[in-house]
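Asker: The structure is given below, and queries will be raised subsequently.
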Amino acid sequence: MSKKTSIENQIESLREEIRKHDHSYYVLDKPLIADREYDKLYKDLQKLESENPEFFSANSPTQRVAGQPKEGFSKLEHRIPMLSLQNSYDKNDISEFYKRLKKFLQTEEDVELFCELKFDGLAMELVYENSSLHAAITRGDGIIGEDVLANMKTLKQIPLQLNQKDIPVFEARGEVVMEKSAFLELNNYQEEEGLNTFANPRNAAAGSIRQLDPRVTASRKLSMFCYATGVVEGINFESQSELPKLFNDLGLKAMQVGDFKSFYKDLNQFTEKTEAQKKKLIEKWKNQLSFVCKNDEEAIQYYEIIQNIRHELNFDIDGIVIKTNSIALQEELGFIARSPRWASSAKFEPEQAETIIEKIQIQVGRTGALTPVAIMKPVIVGGVTVSNATLHNQDEIDRKDVRVNDSVIIQRAGDVIPEVVKVLKDKRPKDSVPFLLPENCPVCDTPAKKDEGEAVLRCPNPACQARVQENLKHFVSRKAMNIDKLGDKIIEQLIDSGLVSKFSDIYKLESEKLLQLERQGKKSVDNLLSSIEKSKKTELGRFIYSLGIRFVGEQTAKSLAQNFGSMEALLSASEDELMAIDDIGPKVAQSVIEAIHQDNFVSEVRELISVGIQFKEIKEKSSEKFAGLTFVITGTLSVPRNQIKSFIEDNGGKVTGSVSKKTSYLVLGEDAGSKLAKATELGVPSLSWDELQNLQ
């Protein structure tokens with residue numbers, strides 16, 4: 001075997017192994033190896049491909065993100081139109097649909113139905129030719145859509161090459177969605193960046209896929225559930241219920257088929273279950289919510305159960321889809337105009353409510369962001385009492401034309417965030433006037449500013465009482481200075497009484513003055529002062545985090561502490577030194593530079609140190625043997641948890657509080673509960689304390 005042939009085989013072997021791990025991680029939710037091992041495989045492949053460009057392949061796992069933004073999307077035609085379904089908002093219409101099926105087929109026998117979720121996302125068609133991903137087309141008008149191949153390739157869950165080779169044509173259709181947890185995370189990021197937030201997960205998914213720069217899409221957490229096909233050559237299937245397994249075998253993600261009788265037995269009384277029982281049942285069924293139903297009665301039962309559990313799912317659905325299960329019967333039934341006769345959707349009524357906006361308040365956050373919040377007459381939406389909703393910024397208020405005293409329709413966006421959907425302008429008072437955010441901060445009257453490229457107005461005054469208050473709450477929080485007896489109400493009292501206006505004032509509080517505050521007795525004051533004194537001895541990373549530097553989270557603060565070793569060294573840092581740290585980019589570096597060049601910031605840091613803040617010595621890492629590994633500790637162990645946590649961190653690892661696909665190992669003690677169950681489901685290996693110490 002020649003050297004070139006050997007290298008080519010090595011490259012292809014690595015590609016196959018990485019594809020296998022991508023499929024296990026992103027499709028099956030069962031990681032086979034730790035992140036560090038995966039990263040090593042990926043880097044090895046990148047190196048070999050870079051050194052041997054003659055073996056380039058567009059289907060390589062390294063070719064997911066294009067280098068440069070596009071100017072626009074090209075148009076492509078669907079070989080088979082992506083038709084829409086007939087919709088209904090009444091579960092009784094399921095029986096009418098079923099009667100029409102039987103009448104057309106001229107049968108009195110039961111017609112087997114396939115029932116599945118109606119995902120609320122962006123419809124997509126993936127086109128594979130000779131088993132390689134050739135195009136990704138949005139629904140468009142059903143005939144012609146946009147080719148978003150470069151963006152869809154960034155979803156590691158999407159195989160660039162099907163698991164089965166030599167399939168001439170395979171068109172997979174499905175829905176691109178953003179999970180609710182990812183939606184909240186994205187909106188928090190957008191708000192912190194001063195960018196427009198998304199109204200709901202569907203808009204977030206659609207907006208992410210239609211980015212001209214694939215690198216933006218790659219930064220978003222998206223999934224695609226496949227549920228139908230377009231043109232298929234080289235593969236045969238006889239029923240709709242065969243498709244989920246076929247998709248899975250080919251490397252694509254689909255909601256799997258469960259046993260309807262077991263599903264009904266478990267979930268038909270879902271609303272009467274306890275919260276713990278509900279959580280356990282959702283965990284059991286979350287990946288197998290498609291079913292074969294023998295008739296319309298079971299399909300209606302399916303509709304009712306899904307309607308009851310929809311809020312517990314981590315992605316948005318807006319109904320169910322019912323299809324004739326037999327492909328032969330689908331062909332016999334054919335189409336009516338632009339809808340299939342053999343399928344229908346039963347949507348859920350939007351969980352909305354009408355209420356009145358009584359006022360619009362401007363909240364000032366610790367970074368100075370001015371956020372308009374609608375204060376409304378309380379109303380129940382989806383089982384939750386809602387009394388306020390963020391209006392995000394002036395652009396959003398103008399777009400919806402929201403005013404004080406307006407009657408509005410609200411809903412919970414993504415079943416999470418209260419959102420004003422529509423203003424009922426026919427009920428608007430005649431003396432109504434458009435709402436404008438104030439030009440000055442409503443708390444300190446400093447002129448508000450809007451940074452270039454941001455949608456959010458900010459108060460630039462660091463001494464603003466609202467900013468001070470929010471910053472103080474952050475400063476004393478558990479992950480920061482951890483002054484556990486200093487709650488929000490006491491902070492507000494201290495500010496209102498003039499006893500505290502900056503961090504260092506906390507450490508100058510005296511018993512005599514605290515006793516003069518309302519509802520403060522000697523015991524509570526002693527406890528508060530003791531808690532403050534205890535907080536003086538802290539870790540440098542905690543202290544840096546507590547200072548509230550924009551974009552510096554808990555992990556970044558730890559990195560700064562580890563790299564600089566002292567507060568004085570950090571105060572003297574250059575931008576180049578900051579950028580040299582692995583997990584710090586230009587935005588964070590610039591924010592830190594701005595902070596340490598402010599006289600007030602530097603003097604306050606030095607004042608805190610002068611009043612007694614001391615830093616525990618930063619231990620040198622014993623080794624880097626756990627670098628890239630993430631651990632979760634659970635159960636009762638023979639040594640304290642903080643000792644285990646320190647051991648892991650001293651050896652370069654990270655400790656998190658919850659089990660996820662990115663968890664490398666579960667450190668397991670006795671009486672472990674839900675974390676062990678989650679780890680078992682995800683295939684995360686478990687270790688005892690002894691095994692952890694011997695792990696290489």
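Asker: Once phi is turned into θ = phi - 60°, what whole-Hz ³J(HN,Hα) does the Karplus curve with 6.51, -1.76 and 1.60 give for every residue of the stretch 211-223, x standing for Gly and Pro?
Answerer: Using θ = phi - 60°, the values come out as 6, 6, 9, x, 5, 5, 4, 4, 7, 9, 9, 10, 9 Hz.
Asker: Still on this model: Filter the GluC sites (Glu not before Pro) in the stretch 454-529 down to the DSSP loop ones having no more than 13 other Cβ atoms within 10 Å, then list what survives.
Answerer: Sparse-neighbourhood loop GluC sites (Glu not before Pro): 510, 518.
Asker: Let me know the whole percent of all Cα-Cα pairs from the stretch 352-427 that are separated by more than 16 Å.
Answerer: The calculated P(r) of the stretch 352-427 puts 45 percent of pairs beyond 16 Å.
Asker: Could you name the lysines in cross-link range of residue 485, using Cα to Cα under 23 Å and dropping any fewer than eight places away on the same chain?
Answerer: Candidates past the 8-residue exclusion: 473, 502, 508, 513, 522, 523, 534, 536, 537, 616.
Asker: Using Cα pairs under 8 angstrom and six or more residues apart, how large is the relative contact order of the chain, in percent?
Answerer: 11 percent
Asker: With no other cysteine's Cβ closer than 4.7 Å, which Cys residues of the chain count as lacking a disulfide-compatible partner?
Answerer: Flagged as lacking a Cys partner: 115, 226, 293.
Asker: Additional query: Could you tell me what % of all Cα pairs in the stretch 591-669 have separations over 16 Å?
Answerer: Values: 2003 of 3081 pairs.
Here the tail beyond 16 Å accounts for 65 percent of pairs.
Asker: Continuing with this model, one more query. If you take the Cα Rg of the stretch 540-615 and divide it by 2.2 N^0.38 Å, with N the number of residues, what do you get? Can you show the working numbers first?
Answerer: On the way: Rg = 11.4 Å, N = 76, 2.2 N^0.38 = 11.4 Å.
Computed over Cα atoms of the stretch 540-615, the ratio equals 1.00.
Asker: Is it possible to state the helix-based mean residue ellipticity at 222 nm for the chain, with each DSSP H run of 4+ residues giving -39500 (n - 2.57), the sum divided by total residues, to the nearest 500 deg cm²/dmol? What is it?
Answerer: Dividing the helical sum by the residues of the chain leaves -10500 deg cm²/dmol.
Asker: For the stretch 424-464, compute the orientation-averaged projected area of the C-alpha convex hull (one quarter of its surface), in nm².
Answerer: That works out to 4.5 nm².
Asker: Can you grab the distance from the C-alpha centre of the stretch 494-519 to the C-alpha centre of the stretch 589-638, Å, no decimals?
Answerer: A separation of 27 Å, based on Cα centres.
Asker: Still on this model: If one computes P(r) from the Cα atoms of the stretch 465-535, what percent of pairs lie at distances over 20 Å? All intermediate terms of the calculation are to be shown ahead of the outcome.
Answerer: Numbers: 455 of 2485 pairs.
Above the 20 Å cut-off, the stretch 465-535 has 18 percent of its Cα pairs.
Asker: Just need log10 I(q)/I(0) for the stretch 517-676 at q = 0.09, 0.18, 0.19, 0.20 Å⁻¹, Debye formula, equal scatterers on the alpha-carbon atoms, no solvent, rounded to two decimals.
Answerer: -0.41, -1.16, -1.20, -1.25
Asker: Return 296, 431 ranked ascending by Cβ neighbour count within 10 Å, so the fewest neighbours appear first.
Answerer: 431, 296
Asker: Something else now. Going toward the positive end of the dipole of the stretch 210-351, with +1 on Lys and Arg Cβ and -1 on Asp and Glu Cβ, which of 322, 282, 343 do you reach last?
Answerer: Checking the options against the dipole of the stretch 210-351, the answer is 282.
Asker: Please name whichever of 302, 313, 677 sits farthest to the positive end of the charge dipole of the chain, dipole taken about the Cα centre and charges placed at Cβ: Lys and Arg +1, Asp and Glu -1.
Answerer: Of the candidates, 677 comes out farthest on the positive side.
Asker: Over the Cα atoms of the stretch 342-497, each weighted equally, I'd like the Debye log10 I(q)/I(0) at q = 0.10 Å⁻¹, rounded to two decimals.
Answerer: Computed log10 I(q)/I(0) values: -0.48.
Asker: Ranked by Cβ crowding within 10 angstrom, fewest neighbours first, how are 261, 422 ordered?
Answerer: Fewest-to-most ranking of 261, 422: 261, 422.
Asker: Taking neighbour counts of Cβ atoms within 10 Å as a proxy for exposure, in what order, fewest first, do 291, 543 appear?
Answerer: Listed from fewest to most nearby Cβ atoms, that is 543, 291.
Asker: Taking Cα pairs under 8 Å and at least six residues apart, what relative contact order does the stretch 540-615 come out at, in percent?
Answerer: Taking the mean separation of contacting Cα pairs over the length of the stretch 540-615, I get 29 percent.
Asker: If I take the Cα coordinates of the stretch 94-250 and project them onto the principal axes, what are the three extents in Å, biggest first?
Answerer: Principal-axis extents of the stretch 94-250 (Cα, largest first): 61, 40, 27 Å.
Asker: Quote the Stokes-Einstein diffusion coefficient, in whole µm² s⁻¹, for the stretch 193-298, based on the Kirkwood radius over alpha carbon pairs, a temperature of 20 °C and a viscosity of 1.002 mPa s. Mind dumping the intermediate values first?
Answerer: Details: Rh = 17.3 Å.
Estimated via Stokes-Einstein, D reaches 124 µm²/s.
Asker: Under DSSP H, which helices of the chain have Cα atoms covering 27 Å or more of the helix axis and a Kyte-Doolittle average no less than 0.5?
Answerer: Counting only whole DSSP H runs, no helix qualifies.
Asker: Compute the orientation-averaged projected area for the stretch 52-161 from the convex hull of its Cα atoms and round it to one decimal in nm².
Answerer: In nm², the orientation-averaged hull projection of the stretch 52-161 is 10.6.
Asker: Given 10 Å bins starting at zero, what is the percent of C-alpha pairs of the chain in each, up to the one with the largest pair distance?
Answerer: 3, 11, 19, 23, 22, 14, 6, 2, 0, 0
Asker: What Rg and what Dmax come out for the stretch 436-563 when only alpha-carbon atoms are used, in angstroms?
Answerer: 16.7, 52
Asker: May I pose another question? Could you give the dipole magnitude of the chain about its Cα centre, charging the beta-carbon of Lys and Arg +1 and that of Asp and Glu -1, in debye to the nearest 20?
Answerer: Here the chain has a charge dipole of around 1020 debye.
Asker: List the GluC sites (Glu not before Pro) in the stretch 553-648 that DSSP assigns to loop (not H, G, I, E or B) and whose Cβ has at most 10 other Cβ atoms within 10 Å. Which are they?
Answerer: Values: sites: 554, 568, 575, 577, 594, 604, 607, 617, 620, 624; in loops: 617, 620, 624.
Counting only loop positions with at most 10 other Cβ atoms within 10 Å, the GluC sites (Glu not before Pro) in the stretch 553-648 are 617, 620, 624.
Asker: Sticking with this one: For the stretch 245-275 and the stretch 87-128, compute the distance between their C-alpha centroids and round to whole Å.
Answerer: Their Cα centres are 18 Å away from one another.
Asker: I would also like to ask the following. Past 21 Å, Cα to Cα: identify those pairs from 645/675; 284/675; 91/278, in the order given.
Answerer: From 645/675; 284/675; 91/278, over 21 Å: 91/278.
Asker: Another question, if that's okay. Taking the C-alpha atoms of the stretch 630-693, how large are the radius of gyration and the largest Cα-Cα span, Dmax, in Å?
Answerer: 10.6, 29
Every number in this text was worked out from the coordinates using simple rules, so none of it is lab data. On a predicted model such as this, the values are computed, not experimentally measured, just so you know. In this analysis, Cβ positions are derived from the backbone assuming ideal geometry, glycine residues included, and neighbour counts consider all displayed protein chains.
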